[in-house]
1. Between His63 and Lys196, what length in nm is gained on full extension when 0.36 nm per residue of separation is reduced by their alpha carbon distance?
2. Check Val136: other-chain or 5+ apart residues with amide H under 5 Å from its amide H, H built from backbone geometry?
3. May I ask you to rank Met177, Met119 by accessible area, largest first, using a 1.4 Å probe over the protein chains only?
4. Give the calculated FRET efficiency between Arg19 and Val227 to the nearest 0.05, with a Förster radius of 35 Å applied to their Cβ-Cβ distance.
5. Could you provide, to the nearest whole Å², the per residue accessible area of segment 19-237 with probe 1.4 Å?
6. So for His49, His57, His62, what's the accessible-area order with a 1.4 Å probe, most first?
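The values are calculated or read from the model by the stated rules, or taken from the named source; none is laboratory data. Keep in mind the model is a prediction, meaning the values are calculated, not measured. Don't worry about glycine lacking a Cβ; one is built from the backbone with ideal geometry, like all the others, and counts go over all protein chains shown. When the accessible area is computed, the model is the full protein with side chains, heavy atoms only, and any ligands, DNA or RNA have been set aside. Shrake-Rupley method; radii C 1.70, N 1.55, O 1.52, S 1.80 Å.
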Amino acid sequence: MSRAGGARVSANRTRTRRRLSTIYIDESGSRNSRGGFFVVGFVKARDSHQLARSIRHIRQKHHYHDEIKFSSIQNGSLLFYFDVVECLAAADVRVGGSVYDAAAGFEADLPTWEQQARMARRLVQGNTNKDENIIVFLDLVQTPQGETVSGRVKRQVNQRLKGNPIVEAYDVDSRAMDLVQLADLVAGSIRLGRAKDPAPEGKRDSAKMKVAMRFRRAFELDSFEDVKAGKVNILTMGDLVDAEPIPGLVDNL
């Protein structure tokens, strides 16, 4: 091969090389006719191995071996959760979530798991850049035999974005994966921060509220309202009609 031909091949390889990121997804809240918020939270990481190692170190430091779960935060575990939040804020990540009305945000005639899959798909699609390949891990949702949320998310995102950027997607038990648990921590902080009346569990001096406020300070947020700045991407979503594109959600890691 001539020198010029070799240069062209090298240039083509450079242009087609994609970065690899991993998105971890978990939810906070539930479908509720009384309203409130349902948040699909995410952590998007470039160096998942290093982040996971850092979380293991914090576990060892605090001798904390329970699931990292926003609803389980108590005064006795505050220092552990503070360290986790600070670790996450210092890492090469993007965090945030899609915020839905817990009543109006769901369609009455569509199974809940399908709506959750659509929410996850919209979030992944909105947080995938043109030069990326993505691996997705979602907290396990019960589905009918033969259906998976992960399979649907992978298929539908790849149908909508050029280059089939979703390499693979997996449904996992969050109890077995720390980084999915971090997505729960993000989602819970956003949901509590959005609550109009956070009492009783979220009253100002509660352990959960202290962690949410620590999260807000660590990521330099004025509030948990919609934001696309720094490492944070939070957006209030409308109904689940499949309109494209999703404005304001996509940004670089």
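1. Result: 44.4 nm gained on full extension.
2. Result for Val136 returns Ile23, Glu168, Ala169, Tyr170.
3. Met177, Met119
4. 0.90
5. Heavy-atom SASA per residue in segment 19-237 reads 46 Å².
6. Highest to lowest solvent-accessible surface, that is His49, His57, His62.
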